[in-house]
Amino acid sequence: MVSAAPASQRAAKRRSLVVGNWKMNGSAASNEALLAALKAAPLGDAEVSVCVPAVYLHDVADSLHGGAVHWGAQDCSSHESGAYTGEISAAMLAEFGCCHVIVGHSERRALHGESDALVAKKAAMALKHGLVPILCVGETLAEREAGQTEAVVGRQLGAAIELLDKRIDGVVIAYEPVWAIGTGKTASPAEAQAVHAFLRKTLAAAGAASGSLRILYGGSVKADNAAQLFAESDIDGGLIGGASLKAADFIAICRAAR
Ligand code: PGA
């Protein structure tokens with residue numbers, strides 16, 4: 001087990017980041033109430049962002065413009081433009097002031113058959129248009145039980161490193177064990193830290209700026225477990241699903257990140 005360095009030691013190098021992943025949730029009315037609460041609350045020292053369904057980007061940009069909370073999307077096309085019905089390009093997201101875009105979320109890998117290579121291409125397209133890709137990696141329960149966690153996340157990250165090379169330094173990585181997403185089962189701080197340390201070591205071995213690259217944890221992060229997770233030396237914040245839809249919970253999670 002890798003022990004946690006004091007949070008202050010980490011903060012000097014990497015500012016924490018907390019990102020809400022709204023998934024396919026929300027409505028004009030509920031978004032407005034949620035954003036109003038976020039804007040009114042002291043969120044602490046972490047950078048905060050919300051990744052919202054694309055159809056709400058206009059309203060969200062309008063609401064958050066000029067404030068402390070950034071916004072982004074949950075996916076982008078690997079193509080520049082053209083005959084890709086239903087897809088949204090990174091250039092379009094940039095036009096709406098997006099700062100972040102999630103790529104390779106496990107729900108898209110599982111439900112939409114997204115491969116490691118496709119996810120890497122999406123990250124490249126995001127970077128090309130000035131967005132910060134939040135590249136998700138994570139193993140299933142079966143893979144963890146078979147002792148394949150490092151092999152799986154190493155392969156997923158490896159595809160991005162191979163395509164992006166030095167550009168990997170512009171990416172945020174999110175470690176999201178599939179078995180912890182939306183299940184209420186969180187990886188223990190030590191379990192998560194071990195994988196984060198492995199990811200950082202993998203980045204360092206590839207010549208990336210591993211000391212400044214942020215690695216978020218995601219999977220059933222709640223107001224009552226966030227502080228312990230974020231205290232680990234290689235956990236630089238979180239990607240928050242369900243709890244990002246409840247203002248009080250999300251605010252508490254943001255404030256737990258230092
Ligand atoms: P969860 O989702 O916090 O609801 O587990 C996290 C995610 O899927 O990004």
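The values are calculated or read from the model by the stated rules, or taken from the named source; none is laboratory data. The structure presented is a predicted model; accordingly, all values stated were derived computationally and were not measured. Note: areas computed on protein heavy atoms with side chains; ligands, DNA, RNA excluded. Shrake-Rupley method; radii C 1.70, N 1.55, O 1.52, S 1.80 Å.
A few comments on the model shown:
- C-alpha center-to-center spacing [the stretch 192-213, the stretch 157-173] in angstrom: 11 Å
- Each Cα pair of the chain feeds into the Kirkwood radius, which the Stokes-Einstein equation turns, at 25 °C and 0.890 mPa s, into a diffusion coefficient of 136 µm²/s.
- The Cα-based radius of gyration and maximum Cα-Cα distance (Dmax) for the stretch 17-92 are 13.6, 44 Å.
- Pairwise centroid distance, computed over Cα atoms, of the stretch 30-86 with the stretch 115-149, Å: 21 Å
- Counting protein heavy atoms only, the chain has 56 percent of its accessible area on carbon and sulfur, 1.4 angstrom probe.
- For the stretch 155-258, the per residue solvent-accessible surface stands at 36 Å², with DNA, RNA and ligands left out and a 1.4 Å probe.
- Taking 0.36 nm per residue of sequence separation and removing the Cα-Cα distance, the A83/K166 pair yields an extension gain of 26.8 nm.
- Looking at the stretch 46-107, the accessible area is 43 square angstrom per residue; that uses a 1.4 Å probe and ignores ligands, DNA and RNA.
- Cross-link pairs beyond the 20 Å C-alpha cut-off, checked among K201/K222; K39/K246; K13/K246; K39/K185; K122/K166; K23/K246: K201/K222; K13/K246; K39/K185
- Extension gain for the segment H65 to A190, taken as residue separation times 0.36 nm less the Cα-Cα distance, is 41.3 nm to one decimal.
- Accessible area (Å², 1.4 Å probe, nearest 10) - Y56: 50 Å²
- Tensor-based shape of the stretch 105-258 (alpha-carbon gyration tensor, a/c under 1.5 rounded, otherwise prolate or oblate): rounded
- Three principal axis lengths of the stretch 9-159 [C-alpha, angstrom, descending]: 47, 46, 28
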